[in-house]
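Reading through the structure tokens given below for one structure.
The values are calculated or read from the model by the stated rules, or taken from the named source; none is laboratory data. Predicted model, so just to flag it, every value in this text is computed and none were measured. Note: ideal-geometry Cβ built from the backbone for every residue, glycine included; neighbour counts use all protein chains shown.
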Amino acid sequence: MSKKVNKEKEEKYFLQTYNRLEQEIEYGKGVWLYSKSGEIYLDMFAGLAVNILGYNNPAVSEAITEQLKKYNHLSNYFLQDTQIAFAENILRLSGYDKLFLTSSGTESIEAAIKLVRKYANPLGKNEIISFKGGFHGRTYGALSLTYKEKYRTGYEPLMPGVIFLTHNNEKELTEAVNENTAAVFLEFIQGEGGLSTVSESYINKLAELKRKYNFLIVADCIQCGAGRTGKFLSIQHYNITPDICVVAKGIGGGLPLGVVLIKNDLKDIIKTGEHGTTFGGNPVSCAAGIAVMKELENGVMENADNMGKLLKTELEKLQEKYPEIIKDIRGIGLMLGVEVEDEFAKTLMQKFAEKNIFVNITNNNVLRIIPPLIISKENIDYFITAFRSILESYKL
């Protein structure tokens, strides 16, 4: 079917909620995407941080195939070996005690909100703190915690009692937190917020205030988990274990899977029948997730750490040469943000696409670099060479 026909049918059948790229993809292999027209593209945003092992990973494909031979869905009324094996692996890697399985990041945030309410309501606490630049999902509760006006407009009234603070502003945090604070929802690296990365000092202040006011800390590791930062969770770069941690995106190996990780002292907050989900912890997704975690432990997480450091060093060299264009570089591991001059940012995605590289721009002027964690030095050289060429040809 021609691209023109596909485009016409897409416009006819679908709500127009996405700005589709013009390239049509036939298949993927490793870090590369192959278009129907025969072009090959380096994927530097990995399906928005989902395809952490790239495309067509043999271990994931085999795990999915083997599970499909047994069953592709069971009600959560049944004990399931695959779910239990997944739980054992992720609890070991994360250091948490209990979990609840969902189908997505936003569904996991909704579950976390319900946990917070069940914990805080008997204590008379009803305020939730979230952050400017933060993004937690598009369902009602998650959207209520999401700051950007473009996502919120037209959907009000949203959930009341949410206060938005500035990332890393300790004075603002100290003034906002009080006896009425139920929870603080926090991305340690803001995916949509220009890759703003929380400081160690800020986390220490947050922990100090938690001890004083007894609120919950909920870490959103939907995008910055599953090995992306060189550790299994971004929170593991800091001296803190939040009460709740939410993981999704890459953990399912390209299939829908979300996880709410919980400390033992919250295990009895929600009773049998008070929350549930039909597809949460789907056995095929869990099988893929087990394979993902094995691959992460088998060198992929270490590669993310090493390649992240290399990539950041190479980007810093470009910044030294083009300081008027590259304003800042931030992030951890293979979750990096390159803040660029506003006008330069407008055509950057197109310029990279012309060089057969897919990238993503967030917060209007930040190049969000979230490639598959299997990326190699040769792939990074390819990307940096293209970026250098784009910078050289740009006239302020």
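Go over the candidates GLY289, GLY273, GLY280, GLY250 one by one and state the one that is outside the structural domain of GLY30 (by TED's automatic domain parsing), at negative phi, of a type in the set (Gly, Ala, Ser) and part of a loop (DSSP other than H, G, I, E, B).
Of GLY289, GLY273, GLY280, GLY250, the one residue that is outside the structural domain of GLY30 (by TED's automatic domain parsing), at negative phi, of a type in the set (Gly, Ala, Ser) and part of a loop (DSSP other than H, G, I, E, B) is GLY280.
Checking the conditions here, which among GLY250, GLY299 is at pLDDT 95 or above and either over 28 Å from LYS114 (Cβ atoms) or out of contact with any helix residue (DSSP H, G or I) (no Cβ under 8 Å at 6 or more places or on another chain) (or both)?
Sole residue among the options that is at pLDDT 95 or above and either over 28 Å from LYS114 (Cβ atoms) or out of contact with any helix residue (DSSP H, G or I) (no Cβ under 8 Å at 6 or more places or on another chain) (or both): GLY299.
Which of the residues belonging to the stretch 91-112 are aliphatic (A, V, I, L, M) and surrounded by 24 or more Cβ atoms within 10 Å (Cβ to Cβ)?
LEU101, ILE109, ALA111, ALA112, listed by residue number.
Looking for something of a type in the set (Gly, Ala, Ser), farther than 24 Å from GLY281 by Cβ and not assigned by TED's automatic domain parsing to the domain that holds CYS221 - is there at least one such residue anywhere in the stretch 42-52?
no
Report whether or not TYR41 is modelled with pLDDT of 95 or more, of a type in the set (Ser, Thr, Tyr) and in a strand (DSSP E or B).
So TYR41 fits the description; yes.
How many residues are among the charged types (D, E, K, R) and either outside the structural domain of ARG388 (by TED's automatic domain parsing) or touching a Lys or Arg at 6+ places or on another chain (Cβ under 9 Å) (or both) if we restrict to the stretch 331-378?
The number of residues fulfilling the criteria is 2.
Within the stretch 174-208, count every residue that is part of a helix (DSSP H, G or I), closer than 25 Å to LEU334 by Cβ and among the hydroxyl-bearing types (Ser, Thr, Tyr).
So the answer is 2.
Among what's in the stretch 18-38 and is hydroxyl-bearing (Ser, Thr, Tyr) and surrounded by 11 or more Cβ atoms within 10 Å (Cβ to Cβ), pick the residue that is farthest from SER376 (Cα to Cα).
Looking at residues that are hydroxyl-bearing (Ser, Thr, Tyr) and surrounded by 11 or more Cβ atoms within 10 Å (Cβ to Cβ), I get SER35.
Sort through VAL246, VAL292, VAL284, VAL259 and tell me the only one that's within 19 Å of LYS70 (Cα to Cα), touching a residue at least 12 places away in the same chain (Cβ under 8 Å) and among the β-branched types (Val, Ile, Thr).
On the way: VAL246 fails: within 19 Å of LYS70 (Cα to Cα); VAL292 fails: within 19 Å of LYS70 (Cα to Cα); VAL259 fails: within 19 Å of LYS70 (Cα to Cα).
Result of the check over VAL246, VAL292, VAL284, VAL259: VAL284.
I'd like to know if the stretch 373-383 contains one or more residues that are within 23 Å of LYS150 (Cβ to Cβ), modelled with pLDDT of 95 or more, touching a Leu at 6+ places or on another chain (Cβ under 7 Å) and of a type in the set (Val, Ile, Thr).
no
Kindly indicate whether GLU192 is of a type in the set (Asp, Glu) and either in the same structural domain as ARG330 (by TED's automatic domain parsing) or at pLDDT 95 or above (or both).
No, not satisfied.
In the stretch 23-50, which residues are in contact (Cβ under 8 Å) with a residue 24 or more places away in the chain, more than 14 Å from ILE357 (Cβ to Cβ) and acidic (Asp, Glu)?
Selection gives nothing.
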